[in-house]
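J.: Before anything else, here's the structure in question.
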Amino acid sequence: MRAIGHAVGTKERPNTSEEFYFWIPREERTLAVGSIVKVLGENGPVYGLVDEMMSYTDTDDFLYHQLSRGGRPDLATPSREQSVMVCRARILKQETDRPLRTGVVMYPTQRELEDLLNQEGCDIPFGVFVNTDGSVTPVKVDESYVLGPEGAHVNISGMSGLGTKTSTFLFLLSSVFAHSRSKVACVMFNIKSDDLLYIDAPSDCLAREDHELYSICGIQPRGFRARFFAPMNILSEARSLRGDVETFRWGYEEIKDYIPHLLKSGDQDQREKLDTAFYDLKKMASERGLRSFSDILEFMRNELLLEDRHPTDLVRGSYKATWLKLYNQLRGFESKYGGLITGYEDEVVELPYESLGDREVWVIDLQQLDFYPRKLVFEKVISEFEARLEERSLKVDRIILFMDELNKYAPSQHSPDVVSLKAKLIDVSARGRSIGFSLFGAEQFKSKVEQNIMGNVSTDVYGKTKESELLEAVYRKFSDEIKGRMRRFGKDEKLLDHELFEAPIFVKLPRPPCRLGSDMLRSGTRLPSGRTPRLSGGRAPSERGLPRL
Ligand SMILES: Nc1ncnc2c1ncn2[C@@H]1O[C@H](COP(=O)(O)OP(=O)(O)O)[C@@H](O)[C@H]1O
Ligand SMILES: [Mg+2]
């Protein structure tokens, strides 16, 4: 084995049980930040990841260097400046928790690298490590930290487009599907153009290197077995850019648990009054067997019209004004939620949650929905699957939930608009690992995501990140050199930090295995022509109209 350096500590930079230093000879030209090296220490081999490199001379002043060349940068001096290149390595593996004294540094063999990056129990490749001596090894993570029970939150961050978050997720998903021992499915929401609407088709832009990376990871790149869903519009057509999606529409029974989150109120006092009024109404509806908005509104209307009351008179325990406000808001749902909500029971089309199968992906297209209907779909779909996982009434025992733009839906700062959704996501990130609900979150700014969610992350994948973001506290654990690389990352480069790794590893990732909507638009591929959307039973809700007051 070729010696590429010598490990030794100095007074100012001592070796510790966490890190060691080594100098490298002038002719050594391969080592770089991110290289993995091995030292033959007195207590056995020590493996480290280079996270800082510096080169210096024994002078304190640049003036000396300028004078020794007579002020001419191109002048050759009789003797070269004495300079030395030094690397700092973070320890990845060692026999004992003792600082390294001295030792010869070399590259680990292929076999040693595999042992290091494919620990016992780690079977799912999350990227490929290319060492600076050219050796190539898949980096594998432990399934129980990805899908539970040890951990169940993978986070992907990076700049929009250049950070390739969606592509990274699709690669990770293909790897989980290829290697997991569990019955696992995936649920995701399409919220950006037609980004995820063609993931059932194989990619047509994989290069030779991509195929190599897939082969090293033991994955066959192909489209996913996917079902596409979208809510209906008021004409009972699918609200989606993809023509052949399956549609859904909800009525009172389907969304009654979420209605308190949908009600708008001026202040806290009004909110409490509305919540109480709705709570009572829900009880009355259940006692009377009222199962649709039209029946409930009819009932409320009759109560309100019973006699000409004063606004402060009581209607079924609530002020008439509150009851009226509730009535108007419930009545407005149908138009506000643009076809997603219907007043009539016979127009409801529920999602077939129970049918979710092993290695199946559901894409729920919410791109054409506004913020509030989107939020309702997130909350309801997440809750429905969470409940079924808990009851173990599904055909799968693990579900991966892909949530893009996590910093928007679970921001670190208080945002009244997303309180209930954020609470749901915190719940999933905390309990998910025990019930098999695994959150794969993605966002541009990791520092802007709720702490309670980030605290449960067991695997982080960082793509190209902006300098201003890298100044945030969450990146403090990385050296300036590592951050520098993160800033300069190409689309195929990531930093992978897994719970079981002693230090984060730089990995290479291929392009996604399936088609991305953005790639199709770029390459000029035409969208598949839309088939006739499925119609629900009954007439469109707008034709009937809900009872007016
Ligand atoms: N490994 C890669 N090498 C080169 N290009 C890639 C790679 N991975 C993804 N891309 C391309 O980068 C573009 C943006 O990726 P995307 O995943 O949509 O980014 P994001 O979700 O962060 O906005 C896509 O066109 C995709 O094909
Ligand atoms: Mg994306």
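Computed from the coordinates by the stated procedures, all read-outs in this text should not be read as laboratory data. As the structure is a computational prediction, the values presented were derived from the model and not from experiment. Cβ atoms come from the backbone with ideal geometry, glycine included; neighbour counts cover every protein chain shown.
J.: Listed here are the pairs LYS93/LYS408; LYS192/LYS320; LYS380/LYS466; LYS336/LYS408; LYS336/LYS494; LYS336/LYS422; which of them are more than 32 Å apart at the Cα?
T.: Over 32 Å apart, Cα to Cα: LYS93/LYS408; LYS192/LYS320; LYS380/LYS466; LYS336/LYS494.
J.: Taking square-rooted eigenvalues a ≥ b ≥ c of the alpha carbon gyration tensor, is the chain rounded, prolate or oblate, where a/c under 1.5 means rounded and, failing that, a/b exceeding b/c means prolate?
T.: Prolate, because a/c is 1.5 or more and a/b exceeds b/c.
J.: List the trypsin sites (Lys or Arg not before Pro) within region 415-498 that DSSP assigns to loop and that have no more than 14 neighbouring Cβ atoms inside 10 Å.
T.: The qualifying sites are ARG476, LYS477.
J.: How many percent of DSSP beta bridges within the chain run antiparallel, rounded to 5?
T.: That works out to approximately 60 percent antiparallel.
J.: How high is the FRET efficiency from GLN451 to HIS310, r the C-beta distance, R0 45 Å, rounded to 0.05?
T.: That pair, GLN451 with HIS310, gives E of 0.40.
J.: Follow-up. Just want to confirm a number: the relative contact order over the chain, from Cα pairs under 8 angstrom separated by 6+ residues, in percent.
T.: With pairs under 8 Å counted, the relative contact order is 22 percent.
J.: Within the chain, which whole H helices from DSSP have a Cα span along their axis of at least 15 Å and a mean Kyte-Doolittle hydropathy of 0.5 or more, if any?
T.: Qualifying helices: 165-179.
J.: Figure the gain on full extension for ARG431 and LYS466 (residue separation times 0.36 nm, minus the Cα-Cα span) and round it to one decimal in nm.
T.: Length difference between fully extended and current span is 9.4 nm.
J.: Could you tell me which GluC sites (Glu not before Pro) in region 298-352 are loop residues by DSSP with no more than 10 other beta carbons within 10 angstrom of their beta carbon?
T.: Listed in order of number, the matching sites are GLU307.
J.: While we're here: So for region 228-306, averaging the separation of alpha carbon pairs under 8 Å that are six or more residues apart and normalising by length, what relative contact order in percent results?
T.: 21
J.: Out of region 45-104, which trypsin sites (Lys or Arg not before Pro) are coil in DSSP terms and have no more than 16 other C-beta atoms within 10 Å?
T.: When the trypsin sites (Lys or Arg not before Pro) of region 45-104 are filtered for loop state and at most 16 Cβ neighbours within 10 Å, ARG69, ARG80, ARG101 remain.
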